[in-house]
Amino acid sequence: MPLHRTEAFLLRTYALKEADKICVFLTKDQGKVRGVAHGARKIRSRFGSALEPFTEVALSYFQKEGRELVSISTCDILRSHFERGARDVETASAFSYMAELLTEFLPEHEPNERLYRLVLATLQAVEAEDGDLSQILRYFESWLLKLVGFFPDTSHCAVCDATISTGESVFLTAEGAPRCLACGEINYQIIRHALERDLRSRSLLKQLSTA
Ligand SMILES: [Zn+2]
């Protein structure tokens, strides 16, 4: 059972038994990893305050073949991003939100280095005091969805099949279907829904406006 060493972000922790704790990490080279830290006293002494979301740690763990849950050997703090989070409720809840998204969307033990870099870049953006938090979160969401394969192909409108070039506005339905500017207009959506068909004059209008 080889010891695996990696850098990682802590995403969340929860109690397992009275003495044990489960920690969820985003590791640099193995994607999401869930591990058990045996012994609460050991956790206190070894991990100290490292258990806040997005603390960067040097992690080592053992993984038994066929088992998802690894056994955490060491977890040393490299860097805490929580100082700002502790000062500022908004940042703390943004961190929790990001951690929950990663926990929910990522499969276990699937390396995704671009995702790791996305988290680093996002944390840096949050720490730059002038960063707009909600804009940063939208950026994070879009890239997360892209990197885990949930962001739709937006090169074609799902309604009229028109090509949507990069830089052009694209609308997405809640189901993730892309719509070009013309098809995305909400008034026209209501009109078409009410009539249950397209207006012929509409396509001429569209041709003229894109000419
Ligand atoms: Zn369209």
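Taking a Cβ-Cβ separation under 4.7 Å as the criterion for a possible partner, which cysteines of the chain have none?
Cys23, Cys75, Cys160, Cys183
Give, rounded to the nearest 20 debye, the magnitude of the charge dipole that the range 73-179 has about its Cα centre when Lys and Arg contribute +1 at Cβ and Asp and Glu contribute -1 at Cβ.
That gives the range 73-179 a dipole magnitude of about 140 debye.
With r defined as the distance between the Cβ atoms of Ser155 and Thr6 and R0 fixed at 45 Å, what FRET efficiency is calculated, to the nearest 0.05?
Efficiency at R0 = 45 Å is approximately 0.80.
Once you've got the Cα coordinates, tell me which of Lys32/Lys146; Lys21/Lys146; Lys64/Lys146 are over 25 Å apart.
Checking Cα-Cα distances, Lys21/Lys146; Lys64/Lys146 exceed 25 Å.
So, counting K/R as plus one and D/E as minus one, what does the shell of residues with Cβ under 12 Å around Glu185 add up to? Numbers along the way, then the final one.
On the way: positive: Arg179, Arg192, Arg202, Lys206; negative: none.
Net local charge, Glu185 excluded: +4.
Across the chain, what fraction of all alpha-carbon pairs, as a whole percent, falls in each successive 10 Å bin from zero upward?
Reading upward from the zero bin: 7, 28, 25, 17, 13, 8, 3, 0.
Compute the Kirkwood hydrodynamic radius of the range 88-211, taking the inverse of the mean of 1/r over all pairs of distinct Cα atoms, and give it in Å to one decimal.
After inverting the mean inverse Cα-Cα distance, the result is 17.3 Å.
Neighbouring Cβ atoms within 10 Å as the yardstick, rank Asp76, Asp130 fewest first.
With the fewest neighbours first, Asp76, Asp130 line up as Asp130, Asp76.
Reported to two decimal places, what Rg/Rh ratio describes the range 124-169 when computed on Cα atoms with Rh from the Kirkwood expression?
Working: Rg = 14.3 Å, Rh = 12.7 Å.
Value, to two decimals: 1.13.
Which order results if Cys75, Cys160 are arranged by neighbouring Cβ count within 10 Å, fewest first?
On the way: Cys75 23, Cys160 14.
Ordered by Cβ neighbours within 10 Å, fewest first: Cys160, Cys75.
Roughly how many debye, to the nearest 20, is the charge dipole of the range 125-211 about its Cα centre, given +1 on each Lys and Arg Cβ, -1 on each Asp and Glu Cβ, and no other charges?
660 debye
Report the local net charge at Leu199: Lys and Arg +1, Asp and Glu -1, summed over other residues whose C-beta lies under 11 Å from its C-beta.
With Lys, Arg at +1 and Asp, Glu at -1, the neighbours total +4.
So what's the back-of-envelope 222 nm ellipticity for the chain, counting only DSSP H runs of four-plus at -39500 (n - 2.57) apiece and dividing by all residues, rounded to 500? Could you put the intermediate results ahead of the total?
Working: 8 runs with 86 residues, N = 211.
It lands at -12500 deg cm²/dmol.
Using 1/(1 + (r/R0)^6) with R0 = 41 angstrom and r between the beta carbons of Gln189 and Val89, what's the FRET efficiency to the nearest 0.05?
0.60
Quick one: longest stretch of the chain between exposed loop trypsin sites (Lys or Arg not before Pro), exposed meaning at most 11 other C-beta atoms within 10 Å and loop per DSSP?
Working: sites that count: Lys17, Lys64, Arg67, Arg197.
So the longest stretch without any such site is 68-196.
Quick one: helix 89-105 against the long Cα principal axis of the chain, what's the angle to the nearest 10°, folded into 0 to 90?
It is inclined by approximately 80 degrees.
Read-outs: derived from the displayed coordinates by stated rules, not from any lab. Everything numeric here is computed off the predicted structure, so don't read it as measured data. Don't worry about glycine lacking a Cβ; one is built from the backbone with ideal geometry, like all the others, and counts go over all protein chains shown.
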